[in-house]
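Following: one structure in structure tokens, then a few remarks.
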Amino acid sequence: MHTLAELREVLAEVRRIEYDGVGLETRLLPREAIQNPRLVRKTLEESGVENAGSYSTMKLQDVAWASEAGTPLLWVVARGDREYDEAVGAVAQLSSLAAKSGIALALHNHLGTRFETEAPRKKPSGCSTTFTVLPSETTLAALRPEATGSPDALRSSIRSCVSATRS
């Protein structure tokens, strides 16, 4: 998307197909929304679409952006050249900062990240208790089959996972 008008069109379609919210891939937002996260909050509120979360590439400034945008959840993507221990330390820093801002932090784990490689899957340790591994919708549906029959049940299951990270 290049403009806020295009973002509004996408959000109108999201409402038309009866989704309640969207996860934001920050780098794909219009430049003015990236530079002014309050525009994201305002545009979502005007559209009636919930901000379901955003991705963080493990930059501390992502927490401030998320807070201003009204993002309740940051999915941390630990890619790149960071070593495992360095990535764990960065996640712990993000977790602490996010908790102070009232934002839940979840590991967006998949192959090719520092926590899931070709080697046996690594589980981050040493992070604060505000950090959690939040399953994706697909994983959650596999773990909780009762949620697969209804989008409302699936949304409820995801929300309860997010709520658990905040308590």
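Where a number appears in this text, it was derived from the coordinates with a stated rule and is not lab data. A quick note: this is a predicted structure, and the numbers were derived from the prediction, not measured. Glycine also receives a Cβ, built like all others from the backbone with ideal geometry; neighbour counts cover every protein chain displayed.
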Exercise. Which cross-chain or sequence-distant (5 or more) residues have an amide H under 5 Å from the amide H of Gly21, H modelled 1.01 Å from N in plane?
Worked result: Glu50
For this session: Hey, can you grab everything whose amide H is under 5 Å from the amide H of Leu105? Only 5+ residues off in sequence or another chain; H modelled, so Pro and N-termini drop out.
Result: Leu74, Thr132
Exercise. So what J values fall out for the stretch 29-39 if you push phi through Karplus, 6.51 cos²θ - 1.76 cosθ + 1.60 with θ = phi - 60°, rounded to Hz, Gly and Pro as x?
Worked result: 6, x, 3, 5, 6, 5, 6, 9, x, 5, 5
Problem set entry | Label-zone membership for the stretch 20-41, site Ser101, 7 angstrom Cα→C-beta point, backbone N under 19 Å | 22-41
Seminar exercise, completed: Scoring only Lys, Arg, Asp and Glu (+1, +1, -1, -1) among other residues with Cβ under 11 Å from the Cβ of Val22 yields -3
Exercise. What is the dipole size for the stretch 1-101, taken about its Cα centre, with +1 at each Lys and Arg Cβ and -1 at each Asp and Glu Cβ, in debye to the nearest 20?
Worked result: 220
Problem set entry | Taking the C-alpha atoms of the stretch 1-80, convex hull volume expressed per residue in Å³ | 86
For this session: Enumerate the amide H contacts of Met58 below 5 Å, restricted to partners 5 or more residues apart or on another chain; note that Pro and chain-start residues carry no placed amide H.
Result: Val77
Seminar exercise, completed: With x for Gly and Pro, the residue-by-residue ³J(HN,Hα) of the stretch 99-105, computed from phi through the Karplus equation 6.51 cos²θ - 1.76 cosθ + 1.60 at θ = phi - 60° and given in whole Hz, is 4, 5, 9, x, 10, 6, 10
